[in-house]
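The values are calculated or read from the model by the stated rules, or taken from the named source; none is laboratory data. Because the structure is a prediction, the values reported are computed rather than measured. Every residue, glycine as well, gets a Cβ built from its backbone with ideal geometry; the counts of neighbours run over all protein chains shown.
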Amino acid sequence: MGANTRNIYGVSLALAIICTLFLLYAMVAIPIFREQVFLERGTISAGGEMSILVAFLFALLFNIVSILWMWSRVRTSQLANKGDQGIMALGVLSLVLSVGEKMLVDEISREYSLAPEALGEWILLYVCLAIQFCYNVVIVRILSSAYRVR
């Protein structure tokens, strides 16, 4: 049983790292491919836009799965750790912010053709992405410490 649990934590840790790197990629790639993402509408390019879309889908999937994992961890714990509850709340916030990110990207794309410097929306988008990135890093740290213990 110990080896199977260690394998599960290893796979979970690898997926968490991959999802975190995808989120970091999206944060870097959005400004690089902003012309394709916000001006060339109607078709999704295989390079920039598709990879950003995949990154956002991985981030959303990671948020859902990690929140379920944290919820089961908090529920089964004899002593409900306030830190775990806070991390779970941060995960729920990250999940809600995923919807906000979609709305911000839509708003930026509407305004981009009129005024390319929609600075307020860009700031909000990156604040949302930074909160998600912090949550991902916390989960990676929890999984890595659990993996080392097992």
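For this structure, a couple of remarks:
- On the stretch given as the range 10-25, residues that are small (G, A, S) and either buried (at least 16 other Cβ atoms within 10 Å of the Cβ) or under 12 Å from the mean Cα position of the chain (by Cα) (or both) total 2.
- Pairs meeting the criteria (first residue in the range 107-118 and closer than 11 Å to R34 by Cα, second residue at pLDDT 70 or above and not in a loop (DSSP other than H, G, I, E, B), beta carbons under 6 Å, at least 6 apart or on different chains) are I108/E121.
- In the range 27-43 there is at least one residue that is among the small types (G, A, S), surrounded by 12 or more Cβ atoms within 10 Å (Cβ to Cβ) and at pLDDT 80 or above.
- Condition met for E101 (modelled with pLDDT of 80 or more and among the acidic types (D, E)): yes
- Among the residues of the range 109-123, the one identified as buried (at least 18 other Cβ atoms within 10 Å of the Cβ) and either under 19 Å from A59 (Cβ atoms) or modelled with pLDDT of 90 or more (or both) is E121.
- Scanning the range 44-82 for residues that are over 30 Å from R110 (Cβ atoms) and modelled with pLDDT under 80 turns up S72, R73, V74, R75, T76, S77, Q78, L79, A80, N81, K82.
- Within the range 124-143, the set of residues being at pLDDT 90 or above and within 12 Å of A16 (Cα to Cα) comprises F133, Y135, N136, V137, V138, I139, V140, R141.
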